[in-house]
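The values are calculated or read from the model by the stated rules, or taken from the named source; none is laboratory data. Predicted model, so just to flag it, every value in this text is computed and none were measured. Here the Cβ is made from the backbone with ideal geometry for all residues, glycine too, and neighbour counts use every protein chain on show. Please note that ligands, DNA and RNA were not included when accessible areas were found on the heavy atoms of the full protein model with its side chains. Shrake-Rupley method; radii C 1.70, N 1.55, O 1.52, S 1.80 Å.
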Amino acid sequence: MKKLIGCGLGLLVLASLAGCGTSQAKSTDQALNVTLVGNPATANPAIMGDVNSSSLVSQVEEGLYTLNSKGKVVAGVAEKVVKPTHSGTVYTFKIKQNAKWQNGDPVTAQDFVTSFQWQVNPKSKSQVANKMKYLKNYDAVQSGKKSPSALGVKAVNQKTLQLTLSKPQPWLPDILATFGYPIKTDLFKKYGSSYGTSASKMSAEGAYKLVGWSGNSDSWHYVKNPHYWNAKNVKIKQVNVQVVKDSGTAANLFKSGKVQETFLSGQYVKQNANNAELTTTLNSSMRFLEFNDQRKVTHNTKVRQAFSYIVNRKQVTENVLQDGSKPAKSLIPYGDGDDPTTGKDFSEDVGNLLSYNPQKATKLWNQAKKELGIKKVELGLLTADTDEQKHVAQYLQQQAQKYLPGLTLTIKSLPLAQQINKGAEMDYDIDLDGWQTDWRDPADFLQMADGTSSVNFTKWQNAHYTALMKEIDDTSHHTTQQRWDLMKTADTYVTQQAGLVPLYQQAKAHLVSKEIGSLTYSMTSDAQYKYAYWK
């Protein structure tokens, strides 16, 4: 899977990088070489639903807002961070006059309208449509009852954009800084749903242009965009990216000086524990098992609960992963919100709702088989083809076949884009999936089990839970404390019912060269190369 990175703009030859030019002496023209753990599924910001696509898009696009080098929301292509009017439901933005696409065309309000409408349009099958769920008429557009033109996004004129919400959304700035990217309207009219399937079928207006990405490439470039409004402060002119799924390979590339930033997982994090160039951050993401609710066996509540009880989450994080990940206590990761009255973290407030009890798992499993009228069953476990997921899947397979008699569990590891497609098409029994949020609010995870949500990939339907989520979403009729208490109730219920089976909160570990400055990470964001520089 490795492709090596070379001197020419069209080739990536990491192994021969030292031969490009006269030396590897630091200079403003020296390329930064990095790795990504998997292949992005798309470069279309309106439909990206996986972390690899988000990583790619965040380097080449910029929204109305952006995150500064410390992860704080600041103005992006908007002139300033604005205050809403009309009781927190109307936002009016002026777009910078010098905000331009990579070919020099101006970024317009219509480019945001095009993106937001496609994101919510049910034809796009966007996995992030829910990010816009508080825009006026979102539900009607998502259900196909109204045209996307009815969505609460409007180009007042070329440089003025107005968003109208159905109810206040206090965390909207976070979304606009991490997901609210524009799409170049004329190119979208040309390519339609093919927009973002390759570098040649999209355009960038962020710090970098995307070069050499074909849609399934294992290597590509980010090249400085001279038309970016803040180009003068982008120090590194080119970033060479290589997909490296194996931590051992990644560690060797870093050790040999062929890359300056890379991920680590498993034993390699432990091996580098005393390495000053290692940085580890707990991530705002949760790994969990999704059970296809449209299939007879995985629809059964006791089947899902049995799978939850066979997982020793401490063993998974400490012995299988070994990367700083933490055992899940419920569906909500640590650090995703604080009680508005006491300031207590949400996960600590709810407490540990998950336990390891293989005897109880076997009992539930046998009860489920009796209810289903079966003695033996074959199920498939869908995963991405990364080290992390393969190792966790092997652990789950071992535990399941040990404690769930009559079960044959087959692992199917696929490239991430293919895993996502199969999940979206409901072509799976059990999916080892995950979710990462970009703002601190538990509802972003809770919605994944809501029967009315576009990101409920299991199609689990539970009337009581859906009613709870409807109340949580009604921000105009509940105090923040009331809403908080409703979220605690919802988290407890969905975890006990195993609507989703939480496994662990992911940590991200990176090796970063001491020669590079301003590559920093937070719970909700990875490093932005536009802030990096050679020391």
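Structure above, values below:
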{"quantity": "Residue in region 280-304 that is nearest to the chain's Cα centre (by Cα), counting only those that are open to solvent by 40 Å² or more (accessible area, probe 1.4 Å) and not aliphatic (A, V, I, L, M)", "calculated": "280"}
{"quantity": "Given (1) modelled with pLDDT of 95 or more; (2) surrounded by fewer than 20 Cβ atoms within 10 Å (Cβ to Cβ); (3) not in a loop (DSSP other than H, G, I, E, B), index of the condition residue 308 fails", "calculated": "(2)"}
{"quantity": "Hits in region 103-138 (condition: more than 24 Å from residue 157 (Cα to Cα) and not in a loop (DSSP other than H, G, I, E, B))", "calculated": "122, 123, 124, 129, 130, 131"}
{"quantity": "Identity of the residue in region 341-368, among the charged types (D, E, K, R) and open to solvent by 50 Å² or more (accessible area, probe 1.4 Å), that ends up farthest from residue 409 (Cα to Cα)", "calculated": "344"}
{"quantity": "Near pairs, Cβ below 6 angstrom, 6+ apart or cross-chain, from region 361-384 (more than 14 Å from residue 400 (Cα to Cα)) to any residue that is of a type outside the set (Phe, Trp, Tyr) and part of a loop (DSSP other than H, G, I, E, B)", "calculated": "368/300; 375/406"}
{"quantity": "Residue in region 50-64 that is out of contact with any Pro (no Cβ under 6 Å at 6 or more places or on another chain), over 25 Å from residue 117 (Cβ atoms) and polar (S, T, N, Q) present", "calculated": "no"}
{"quantity": "Residue match in region 105-121 (condition: at pLDDT below 95, touching a helix residue (DSSP H, G or I) at 6+ places or on another chain (Cβ under 8 Å) and of a type in the set (A, V, I, L, M, F, W, C))", "calculated": "no"}
{"quantity": "Number of the exception - residue 531 against (1) free of Cβ contacts under 8 Å to residues at least 24 places away in the same chain; (2) open to solvent by 10 Å² or more (accessible area, probe 1.4 Å)", "calculated": "(1)"}
{"quantity": "Selected residue [outside any loop (DSSP other than H, G, I, E, B) and either more than 24 Å from residue 306 (Cβ to Cβ) or open to solvent by 10 Å² or more (accessible area, probe 1.4 Å) (or both)] from 417, 400", "calculated": "417"}
{"quantity": "Residue ID - nearest to the chain's Cα centre (by Cα), chosen from residues in region 476-535 that are modelled with pLDDT of 90 or more, under 21 Å from residue 349 (Cβ atoms) and of a type in the set (Ser, Thr, Tyr)", "calculated": "504"}
{"quantity": "Single residue of 181, 222, 191 found to be farther than 22 Å from residue 515 by Cα, hydroxyl-bearing (Ser, Thr, Tyr) and buried (at least 24 other Cβ atoms within 10 Å of the Cβ)", "calculated": "181"}
{"quantity": "Output for region 122-141, where each listed residue is within 20 Å of the chain's Cα centre (by Cα) and hydrophobic (A, V, I, L, M, F, W, C)", "calculated": "128, 129, 132"}
{"quantity": "Residue check for residue 437: within 21 Å of residue 122 (Cβ to Cβ) and among the polar types (S, T, N, Q)", "calculated": "no"}
{"quantity": "Residues being modelled with pLDDT under 95 and either in a loop (DSSP other than H, G, I, E, B) or not aromatic (Phe, Trp, Tyr) (or both) - total across region 258-275", "calculated": "11"}
{"quantity": "Residue that is open to solvent by 20 Å² or more (accessible area, probe 1.4 Å), of a type outside the set (A, V, I, L, M), in contact with a Cys (Cβ under 9 Å, 6 or more places away or on another chain) and modelled with pLDDT under 90, where the choices are 49, 21, 71", "calculated": "21"}
{"quantity": "Only listed residue being under 24 Å from the mean Cα position of the chain (by Cα), farther than 23 Å from residue 497 by Cβ, among the charged types (D, E, K, R) and open to solvent by less than 30 Å² (accessible area, probe 1.4 Å), chosen from 450, 427, 387, 438", "calculated": "438"}
{"quantity": "Single condition residue 62 does not satisfy, out of (1) surrounded by 23 or more Cβ atoms within 10 Å (Cβ to Cβ); (2) assigned to a helix (DSSP H, G or I); (3) modelled with pLDDT of 95 or more", "calculated": "(2)"}
{"quantity": "Qualifying positions in region 369-384 - of a type in the set (D, E, K, R) and open to solvent by less than 70 Å² (accessible area, probe 1.4 Å)", "calculated": "369"}
{"quantity": "Test: residue 131 is among the basic types (Lys, Arg) and open to solvent by 20 Å² or more (accessible area, probe 1.4 Å)", "calculated": "no"}
{"quantity": "Candidates 467, 490 - the one that is surrounded by fewer than 17 Cβ atoms within 10 Å (Cβ to Cβ), free of Cβ contacts under 8 Å to residues at least 60 places away in the same chain, small (Gly, Ala, Ser) and outside any strand (DSSP E or B)", "calculated": "467"}
{"quantity": "Residues of region 139-178 that turn out to be part of a helix (DSSP H, G or I) and either surrounded by fewer than 23 Cβ atoms within 10 Å (Cβ to Cβ) or touching a residue at least 40 places away in the same chain (Cβ under 8 Å) (or both), as a count", "calculated": "13"}
{"quantity": "Scan of region 311-325 for residues that are among the basic types (Lys, Arg) and either within 21 Å of residue 407 (Cβ to Cβ) or buried (at least 21 other Cβ atoms within 10 Å of the Cβ) (or both), ordered by number", "calculated": "313"}
{"quantity": "Meets criteria (under 22 Å from residue 99 (Cα atoms), in contact (Cβ under 8 Å) with a residue 40 or more places away in the chain, in a strand (DSSP E or B) and aliphatic (A, V, I, L, M)) for residue 241", "calculated": "no"}
{"quantity": "In region 75-95, the residues that are touching a strand residue (DSSP E or B) at 6+ places or on another chain (Cβ under 7 Å), in contact (Cβ under 8 Å) with a residue 60 or more places away in the chain, open to solvent by less than 30 Å² (accessible area, probe 1.4 Å) and assigned to a loop (DSSP other than H, G, I, E, B)", "calculated": "76, 77, 89"}
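Conditions tested, residue by residue: (1) modelled with pLDDT of 95 or more; (2) more than 16 Å from residue 289 (Cα to Cα); (3) not acidic (Asp, Glu).
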| residue | (1), (2), (3) |
| --- | --- |
| 344 | no, yes, yes |
| 369 | yes, yes, yes |
| 390 | no, no, yes |
| 406 | yes, yes, yes |
